[in-house]
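Q: Shown below is the structure under consideration.
The values are calculated or read from the model by the stated rules, or taken from the named source; none is laboratory data. Just so it is clear, the structure is predicted and the values come from calculations on it, not from any experiment. Counting neighbours? That spans all protein chains shown, and the Cβs are built from the backbone with ideal geometry, glycine included.
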Number of protein chains: 2
Amino acid sequence: MTNFNAKLIKIKTGEKSIILNETDADELMLHIHDRVSLKKDLQQIIAIVDVSDSMVKSGEIGIYEDLLPFFPVSDGDTIELSVTTPPPSVAFIRKKMHGGTLTKEELHRIVKDTVNHSLGELEIAAFLMAEHYVGMNMDEVEYLTRAIVETGRTIDFGETVVDKHSIGGVPGNKVTLLIVPIVAAAGLKIPKTSSRAITSPSGTADTMEVLAPVTFSLDELRRMLIEVGGYIVWGGSLNLAPADDIFIRVEHPLSIDPKAQMLASIMAKKLSVGISTMVLDIPTGKGAKVEDFDTARALGNDFIELGRRLGIKVSCGITYGNQPVGHTVGPALEAREALQALMGGGPNSLIEKSTSLAGMLLEMNGVTPKGQGQAFAKELLRSGKAFKKMQEIIEKQGGNPDVKPDDIHVGKMRYVVPSPIDGYVSSISNSAINAIAKAAGAPICKGAGVMLHAKIGYAVKKGDPILEIFAETEQKLKNAQMIALQRSTFMIEGMLLEELPGF
Amino acid sequence: MTNFNAKLIKIKTGEKSIILNETDADELMLHIHDRVSLKKDLQQIIAIVDVSDSMVKSGEIGIYEDLLPFFPVSDGDTIELSVTTPPPSVAFIRKKMHGGTLTKEELHRIVKDTVNHSLGELEIAAFLMAEHYVGMNMDEVEYLTRAIVETGRTIDFGETVVDKHSIGGVPGNKVTLLIVPIVAAAGLKIPKTSSRAITSPSGTADTMEVLAPVTFSLDELRRMLIEVGGYIVWGGSLNLAPADDIFIRVEHPLSIDPKAQMLASIMAKKLSVGISTMVLDIPTGKGAKVEDFDTARALGNDFIELGRRLGIKVSCGITYGNQPVGHTVGPALEAREALQALMGGGPNSLIEKSTSLAGMLLEMNGVTPKGQGQAFAKELLRSGKAFKKMQEIIEKQGGNPDVKPDDIHVGKMRYVVPSPIDGYVSSISNSAINAIAKAAGAPICKGAGVMLHAKIGYAVKKGDPILEIFAETEQKLKNAQMIALQRSTFMIEGMLLEELPGF
């Protein structure tokens, strides 16, 4: 046991960590990432060691901000420090690394130690990488899901609530803006929380934000659901599944998305708000997250089985993911297209996809008999009832319910990409479309994005517009143009793909 | 591009990172671990984003100390910030994660970006975990080794130099303190750098430090080698393979030690000091790092093949690793035992192991014909030539060359564990021995450790001393006693292992 003087350091590290002078750390044989036990009067805590030769002097212990809620001390306080061992969850992570199967208690402890910052980021990374390489069985996925729910907040709406979720990966997927008002217009309650874009040009929350605010407290959400039957908000500030937020933060630089973690992440958020039935959209095709039907079916069955264990009735819709949904990508352009579809216009692909998924929810909840859900969804759309419901939702969320598609501001700077030859569009690259829209400024610039003037199967003539880029600044337009030029965004049958020189 | 005011933050993070206010990060859609490009006048650098809501105000950018050598700025300077993508090495890491084979250039870039802090710890963790689960072929291991050497310092002694290395895992392995003086007494040059204990009760550098200082500059080492022909020093401060130090720091909390990384780590340090021949000690047995002969042989062949590619002649000695080497574990106790062996006493197991490995080096370098190395090594030991050489080494390193074994201070507090029954010792637990010695205070308390009064095959009577614990404080002695009581350190034939109650 050694005594140190506390020095408060106003930085959050996301871990329960302290900082020692290099000399003191060497003396105590402590390395970065080792653990120590700190004591002051009756308070005691385990923390992770960081080392500096300048921030704290020998004899001082730097206390990061993350520690204070659990271990309130003041500058100059005497802290007793002793070397200690990692929490048991570290041994459970090693068990998974060595191919073991984790018990309910072990997974709960790992998730709990993630949320209360007792595990360091590298240890959480080891857990996620082990999941990625070793995998988990369905028992483990269920325990993981429940642990994520139990370590977060939950909300009980006191009613039967339904949901729609897409695993993502296809650009322009603004179907939520149609499905929520259709389903709510049919009398179901659909409390839809969405994410903002992380790596894509537009998340559903970004798109909805063009029409109305999306950040609310749990109390506001409860009131909105009872009064209107649905909402489309950003889920990020609700702290429903804090473990999941940390897992996602660590996964991002590792660029992994283990299947077990994806299942648990999605279903935990549903369980925490008491969803009873849910339809899952699995866009499948080249350039989507899932590229073939076998994988899509296997994934869908995993969701259905996990739902069964959690008491959530899940149906899956395997949808066409070879090209963007509808004709637009980018928050404002997508909001405008969704509004057009609700008002009786809009592209057929968007209406077909939205009503088929909405129809599944209607059938699952007995609103229509089996086989008649989509027709009823289309009728709600055609009759304007869905649009009226959307106006109520927009108004309740604090937006202008009378907004017209043309009122929505889209990027002033435009560039039209012409077809290089006569022919039929044979494929469109989702990743190129995403890259162009992001380079144009989406989702930060709400008005930035792309509009597709041609889709797969369209006949185009040389010089016809196939793609239009929207941006707010000349520089961003140029960046997007450059990417459109470099990447093979559209494949048109008969196009010369490569020229071999030398003759 | 956005402008920020620099605010210097005197903390080292081990990454090139900066800190933004949460509001600014949200505005720019930046997440923790994302990368930004910073510009000031003609200076430009890529850094990793950290986020705080208290350390910097909106409009400020916190510049951590690690960044300053590459990007010298002052408090209040205007910094242009723009969002950027990760370095190409991140894509190479992903390639390995997906099972790919890395090229020489790709591995060089990963190692370079590790050393210059362009990769974050989570990205380095992803690389190491991928190595652990996916593996590497021998080409990749060779490129990795060369990259570690090329990104560090090298030393050219201008002479043929030899080395001995143990992959570790067996307690009490003080053979280096005999091998170095034997080999140097035979006229070979042996520049031995050792590590301090990380998870064991004593590293060779800890043990040598009982006899003489072990921290020197490269210039001092060069002079010592020319004048005496050998030394035993701590390698940690030489910065020979900085990439390896970072890899080890990240591996430690992940508790992985990928084979490719172990091969590269050991051989890079040999290549960087120009070793021409080396003997590798692979302790094999229950509780050692390698538990069976097939694994030991495969590992040995990998070292031999990697050595061949690097121009280092490697021979491997698979040695008995079922129990501690000699009778002592702990820095002072081991230094005393090694000195006794050099002066004509000492346990047979220590002398046999040391002279057989030393003999291999003598044969490899033509000092003796094949088959006569060990006999010659024993003769150097018996004649006192090795002891005289050790005295020269101790004196050159600044210790007292006339130190006697009894002069070496060992822990004052003692506790003797008696045999519980009559019988033969059938096994000794390496991990229990390590745990007891560490609990007693080794390696921080140099005098702490254990002495084995019995080894495998010894006949003991009930009440005979089998283990003696040495500590410097009553508390540490108690801690060690407790562990000795809890763990089955010694198995004695005829011992009652378990009693089934209920009759």
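Q: Would you check which residues across segment A:49-81 are among the β-branched types (Val, Ile, Thr) and more than 12 Å from chain B (Cβ to nearest Cβ) and list them?
A: Within segment A:49-81, the first condition is being among the β-branched types (Val, Ile, Thr), and the residues that meet it are A:49, A:51, A:56, A:61, A:63, A:73, A:78-79.
Matches in segment A:49-81: A:ILE61, A:ILE63, A:VAL73, A:THR78, A:ILE79.
Q: Now for a separate question. Please enumerate the residues belonging to segment B:229-242 that are within 14 Å of chain A (Cβ to nearest Cβ) and more than 12 Å from the chain's Cα centre (by Cα). Let's see the steps before the verdict.
A: If we filter segment B:229-242 for residues that are within 14 Å of chain A (Cβ to nearest Cβ), which is where we start, we get B:234, B:236-237.
Selection gives B:SER237 alone.
Q: Does B:LEU122 satisfy being assigned to a helix (DSSP H, G or I), modelled with pLDDT of 95 or more and either on the phi > 0 side of the Ramachandran plot or not β-branched (Val, Ile, Thr) (or both)?
A: No; evaluated as a whole, the condition is false for this residue.
Q: Right, something else. Among the residues of segment B:203-215, is there at least one that is of a type outside the set (Asp, Glu), surrounded by 24 or more Cβ atoms within 10 Å (Cβ to Cβ), touching a Phe, Trp or Tyr at 6+ places or on another chain (Cβ under 9 Å) and within 14 Å of chain A (Cβ to nearest Cβ)?
A: Yes; the residues of segment B:203-215 include at least one that is of a type outside the set (Asp, Glu), surrounded by 24 or more Cβ atoms within 10 Å (Cβ to Cβ), touching a Phe, Trp or Tyr at 6+ places or on another chain (Cβ under 9 Å) and within 14 Å of chain A (Cβ to nearest Cβ).
Q: Of all residues in segment B:1-24, which are without any contact (Cβ under 8 Å) to a residue 40 or more places away in the chain and within 12 Å of chain A (Cβ to nearest Cβ)?
A: The initial filter retains those residues of segment B:1-24 that are without any contact (Cβ under 8 Å) to a residue 40 or more places away in the chain, namely B:21-24.
Answer for segment B:1-24, where residues must be without any contact (Cβ under 8 Å) to a residue 40 or more places away in the chain and within 12 Å of chain A (Cβ to nearest Cβ): B:ASN21, B:GLU22.
Q: Got at least one residue in segment B:274-294 being within 14 Å of another protein chain (Cβ to nearest Cβ) and out of contact with any His (no Cβ under 9 Å at 6 or more places or on another chain)?
A: No, because not a single residue in segment B:274-294 is within 14 Å of another protein chain (Cβ to nearest Cβ) and out of contact with any His (no Cβ under 9 Å at 6 or more places or on another chain).
Q: Still on this structure, I have one more. Taking only segment A:443-480 into account, find how many residues are closer than 20 Å to A:PRO331 by Cβ and not in a loop (DSSP other than H, G, I, E, B). Step through it out loud before you land on a result.
A: The initial filter retains those residues of segment A:443-480 that are closer than 20 Å to A:PRO331 by Cβ, namely A:443-453, A:467-473, A:475-477, A:479-480.
Going one step further and asking which of them are not in a loop (DSSP other than H, G, I, E, B), we end up with A:449-452, A:467-471, A:475-477, A:479-480.
Final tally of qualifying residues: 14.
Q: Follow-up. Part of a helix (DSSP H, G or I), free of Cβ contacts under 8 Å to residues at least 60 places away in the same chain and surrounded by 19 or more Cβ atoms within 10 Å (Cβ to Cβ) - does that describe any residue in segment B:419-433? Talk me through it step by step, then tell me what you get.
A: Going through segment B:419-433, the residues part of a helix (DSSP H, G or I) turn out to be B:430-433.
From what's left, free of Cβ contacts under 8 Å to residues at least 60 places away in the same chain: B:432.
Subset that is surrounded by 19 or more Cβ atoms within 10 Å (Cβ to Cβ): B:432.
Taking every residue of segment B:419-433 in turn, at least one turns out to be part of a helix (DSSP H, G or I), free of Cβ contacts under 8 Å to residues at least 60 places away in the same chain and surrounded by 19 or more Cβ atoms within 10 Å (Cβ to Cβ).
Q: Related question: Considering every residue within segment B:118-134, establish whether at least one is away from chain A (no Cβ under 14 Å) and surrounded by fewer than 24 Cβ atoms within 10 Å (Cβ to Cβ).
A: Just the residues of segment B:118-134 that are away from chain A (no Cβ under 14 Å), to begin with: none.
Within segment B:118-134, none of the residues are away from chain A (no Cβ under 14 Å) and surrounded by fewer than 24 Cβ atoms within 10 Å (Cβ to Cβ).
Q: Out of segment B:194-216, which residues are within 15 Å of B:TYR231 (Cα to Cα) and β-branched (Val, Ile, Thr)? Even if it seems obvious, please write down each step before you answer.
A: Taking segment B:194-216 first, the residues within 15 Å of B:TYR231 (Cα to Cα) are B:194-195, B:204-216.
Hits for segment B:194-216 are B:THR204, B:THR207, B:VAL210, B:VAL214, B:THR215.
Q: If you scan segment B:243-273, which residues turn out to be assigned to a loop (DSSP other than H, G, I, E, B) and within 14 Å of chain A (Cβ to nearest Cβ)?
A: Quick first cut of segment B:243-273, residues assigned to a loop (DSSP other than H, G, I, E, B) only: B:255-258, B:273.
Those that are assigned to a loop (DSSP other than H, G, I, E, B) and within 14 Å of chain A (Cβ to nearest Cβ): B:SER255, B:ILE256, B:ASP257, B:PRO258.
Q: Quick one: is A:PRO213 in contact (Cβ under 8 Å) with a residue 40 or more places away in the chain, assigned to a loop (DSSP other than H, G, I, E, B) and within 14 Å of A:PRO443 (Cβ to Cβ)?
A: Spelling it out, it is not the case that A:PRO213 is in contact (Cβ under 8 Å) with a residue 40 or more places away in the chain, assigned to a loop (DSSP other than H, G, I, E, B) and within 14 Å of A:PRO443 (Cβ to Cβ).
Q: Just the residues that are within 19 Å of the chain's Cα centre (by Cα) and either within 25 Å of A:GLY236 (Cα to Cα) or among the β-branched types (Val, Ile, Thr) (or both), please, taken from segment A:275-298.
A: Within segment A:275-298, A:ILE275, A:MET278, A:VAL279, A:LEU280, A:ASP281, A:ILE282, A:PRO283, A:THR284, A:ALA288, A:LYS289, A:VAL290 meet the criteria.
Q: Looking only at segment B:333-366, filter to residues that are not hydrophobic (A, V, I, L, M, F, W, C) and not in a helix (DSSP H, G or I); which one of those is farthest from B:THR207 (Cα to Cα)? Outline the logic, then answer.
A: Here is the first cut: in segment B:333-366, the residues not hydrophobic (A, V, I, L, M, F, W, C) are B:334, B:336-337, B:340, B:344-349, B:352-356, B:359, B:363, B:365-366.
Restricting the remaining residues to those that are not in a helix (DSSP H, G or I) gives B:344-347, B:365-366.
Numbers: B:GLY344: 19, B:GLY345: 18, B:GLY346: 16, B:PRO347: 17, B:ASN365: 28, B:GLY366: 30 Å.
For segment B:333-366, the residue satisfying everything is B:GLY366.
Q: To continue, here is another question. Kindly indicate whether any position in segment B:180-203 is among the polar types (S, T, N, Q), assigned to a loop (DSSP other than H, G, I, E, B), farther than 25 Å from B:ASP302 by Cβ and touching a residue at least 60 places away in the same chain (Cβ under 8 Å). Steps first, please.
A: Within segment B:180-203, the subset among the polar types (S, T, N, Q) is B:193-195, B:199-200, B:202.
In the following step, the residues that additionally are assigned to a loop (DSSP other than H, G, I, E, B) were identified as B:195, B:199-200, B:202.
Subsequent filtering for residues that are farther than 25 Å from B:ASP302 by Cβ retains B:202.
Within this subset, residues satisfying the condition of being touching a residue at least 60 places away in the same chain (Cβ under 8 Å) are B:202.
There is at least one residue in segment B:180-203 that is among the polar types (S, T, N, Q), assigned to a loop (DSSP other than H, G, I, E, B), farther than 25 Å from B:ASP302 by Cβ and touching a residue at least 60 places away in the same chain (Cβ under 8 Å).
Q: Let me ask something else about it. Just one of the numbered conditions (1) farther than 27 Å from B:ILE226 by Cα; (2) in a helix (DSSP H, G or I) is not true of B:GLY169; which one?
A: Evaluating B:GLY169 over (1) farther than 27 Å from B:ILE226 by Cα; (2) in a helix (DSSP H, G or I) leaves (2) as the failure.
Q: Restricting the first residue to segment B:455-466 and requiring it to be over 16 Å from B:THR489 (Cβ atoms), which pairs with a second residue that is of a type in the set (Asp, Glu) and part of a loop (DSSP other than H, G, I, E, B) meet a Cβ separation below 9 Å and a spacing of at least six or different chains?
A: From segment B:455-466, the pairs are B:ALA459/B:ASP422; B:LYS461/B:ASP422; B:LYS462/B:ASP422.
Q: While we're on this one: Tell me which residues, restricted to segment B:82-112, are surrounded by 18 or more Cβ atoms within 10 Å (Cβ to Cβ) and more than 14 Å from chain A (Cβ to nearest Cβ). Steps first, answer last, please.
A: Within segment B:82-112, the subset surrounded by 18 or more Cβ atoms within 10 Å (Cβ to Cβ) is B:86-87, B:89-90, B:92-94, B:96-97, B:102, B:106-111.
The answer is B:LEU102, B:GLU106, B:LEU107, B:HIS108, B:ARG109, B:ILE110, B:VAL111.
Q: Which ranges mark the helices (runs of 4 or more DSSP H) fully within segment A:1-117 that have 1 or more residues being modelled with pLDDT under 95 and within 33 Å of the chain's Cα centre (by Cα)? Give the steps one after another, and end with the answer.
A: Working: elements: A:22-27, A:88-97, A:104-115.
The helices (runs of 4 or more DSSP H) meeting that bar are A:88-97, A:104-115.
Q: Only one residue in B:GLU395, B:GLU498, B:GLU472, B:GLU468 is at pLDDT below 90 and not small (Gly, Ala, Ser), so which one is that?
A: B:GLU498 is the lone residue from the list that is at pLDDT below 90 and not small (Gly, Ala, Ser).
Q: Filter segment B:72-126 for residues that are among the hydrophobic types (A, V, I, L, M, F, W, C), farther than 27 Å from B:LYS10 by Cβ and in contact (Cβ under 8 Å) with a residue 40 or more places away in the chain and give the result.
A: So the first thing to find is which residues in segment B:72-126 are among the hydrophobic types (A, V, I, L, M, F, W, C), and the list is B:73, B:79, B:81, B:83, B:90-93, B:97, B:102, B:107, B:110-111, B:115, B:119, B:122, B:124-126.
Next cut, farther than 27 Å from B:LYS10 by Cβ only: B:90-93, B:97, B:102, B:107, B:110-111, B:126.
Across segment B:72-126, the qualifying residues are B:LEU102, B:LEU107, B:VAL111.
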